[in-house]
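Inspection log for the structure reproduced underneath, given as structure tokens.
The values are calculated or read from the model by the stated rules, or taken from the named source; none is laboratory data. Quick caveat, the model's predicted, so the values are computed rather than measured. Note that each Cβ is placed from the backbone with ideal geometry, even for glycine, and that neighbours are counted across all protein chains shown. Just the protein is used for accessible areas: all its heavy atoms, side chains included, with ligands, DNA and RNA removed. Shrake-Rupley method; radii C 1.70, N 1.55, O 1.52, S 1.80 Å.
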Amino acid sequence: MATVDTAPSAPTASIAPTAPNSPPTTQAAAPPPGHIRPPEQPGPAMQDRTTTPPPSRAATPAARQVTPPAARPHPDPLPEQPHSATLIGSVQRAMRLLERVADHPHGAPAKQLARETGLALPTAYHLLRTLVHEGYLRRDKGLFFLGDAAERLGSSGAQQKRRSTMVDALAGFRDAIGVPVYYAVYQDGEIEVMCVSDTPGNPAVEEWADFRETAHAHAIGQCLLSQLDEDARRDHLERYPVQSITPYTVRDNHTLLRRLERARRMDPVMERQEYALGTVCAAIPITVGATAVTMAISLPSHQSERLESAARQLQSEIGRLLGTLAISISI
């Protein structure tokens, strides 16, 4: 098969065919020998042409396709710092020293603490002096002990743990019996309701009259007063004398004292609408050392027939967890 060379042998000027009465269109003539053609500026037609090869590295800046700054992709974000980069080494070392001191109730010297924590002795000395200055450690005859500040932290943590245990226990009693449950103590001559566990379907009694001033009227107060000796009861009633707050409230101090004397030591104390109309309550006496404690329940008066059985059920539940609850009761 014969091949045909389609490349022109020499550049020549050509005239495009024209329509009648139209001026001829002349293509640009080739430059004379030795003349350098300036680089073409990319016009719209060139930019739209998909078959145009990309400019070579030797292209001039005017011929390069430059991405406008707004269209350039954002640089990759900086890599996230590892979690350890946010920790403070000196605090970590101080905590390790505190832990080691706590392991030595009879005290430990700086050299031993430095060895046990893997710290350089100068670093250990510096941190130990700082902890002593802040009260977390104390130094006596070259030995380091936990200071008052550290012991306060431990006491606060233990108190929170005891409270959490009590809250969980009350929630368990509430769910098992299906009634609101109250936890109260008598301390420093006052009635203190420490915790209440209820649900929207079984709400607690609203404290419409101060619980401290109306111990004679509600089961919680009567139960706590029944655990006191006679002098302590009379002292309380001198500060908070009996007053009628509903038609069912006990009428005077003498009547209340006689009722408290007749109460059996471990029997539930019950009251019906003496504190709040439409509500009946029962309280279980719990004695932990010298502290008078009670747990109580409440029911709407139309369910009063459940009161005694619910109180016995609460008493049984308390007995099952009494060892744990005794540790959790704080004075």
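Divide the volume of the convex hull of the Cα atoms of the stretch 206-331 by its number of residues and quote the answer in cubic angstrom per residue.
Each residue corresponds to 109 Å³ of Cα convex hull volume.
Mind listing which trypsin sites (Lys or Arg not before Pro) in the stretch 228-316 are in a DSSP loop and have 14 or fewer other Cβ atoms within 10 Å?
Listed in order of number, the matching sites are 251, 264, 265.
Please compute, over every Cα-Cα pair in the stretch 187-246, the percentage with a separation greater than 17 angstrom.
41 percent
What list of ³J(HN,Hα) values in whole Hz, one per residue of the stretch 117-132 in order, does the Karplus curve 6.51 cos²θ - 1.76 cosθ + 1.60 (θ = phi - 60°) give from phi, with Gly and Pro shown as x?
So the J values, rounded to whole Hz, are 9, x, 9, 5, 4, x, 5, 4, 4, 4, 5, 5, 4, 5, 5, 5.
How much area per residue is accessible in the stretch 193-302 when the probe is 1.4 Å and only protein heavy atoms are counted (Å²)?
With the other protein chains kept in place, the stretch 193-302 gives 50 Å² per residue.
Can you tell me how the stretch 106-244 classifies by the Cα gyration tensor, rounded, prolate or oblate, using a/c under 1.5 as the rounded cut?
Here the stretch 106-244 falls in the prolate category.
Rounded to the nearest 10 Å², what accessible area does residue 186 have for a 1.4 Å probe in the complete protein model?
Estimated to the nearest 10 Å², residue 186 gives 30 Å².
Please report the relative contact order for the stretch 196-263, taking Cα pairs under 8 Å with a sequence separation of at least 6, and give it as a percent rounded to a whole number.
26 percent
Put 250, 196 in order of accessible area, largest first, 1.4 Å probe: what do you get?
196, 250
Report the normalised scattering of the stretch 163-221 as log10 I(q)/I(0) at q = 0.12, 0.15, 0.20 Å⁻¹, calculated by the Debye formula with identical scatterers on the alpha carbons.
-0.31, -0.48, -0.80
Between residue 228 and residue 167, what is the label-point separation in nm under the 7 Å Cα-to-beta-carbon projection?
3.0 nm
For the stretch 235-301 and the stretch 103-179, what is the separation of their Cα centres, given in Å?
One Cα centre to the other: 42 Å.
With contacts defined as alpha carbon pairs under 8 Å and 6 or more residues apart, what's the relative contact order of the stretch 236-283 in percent?
32 percent
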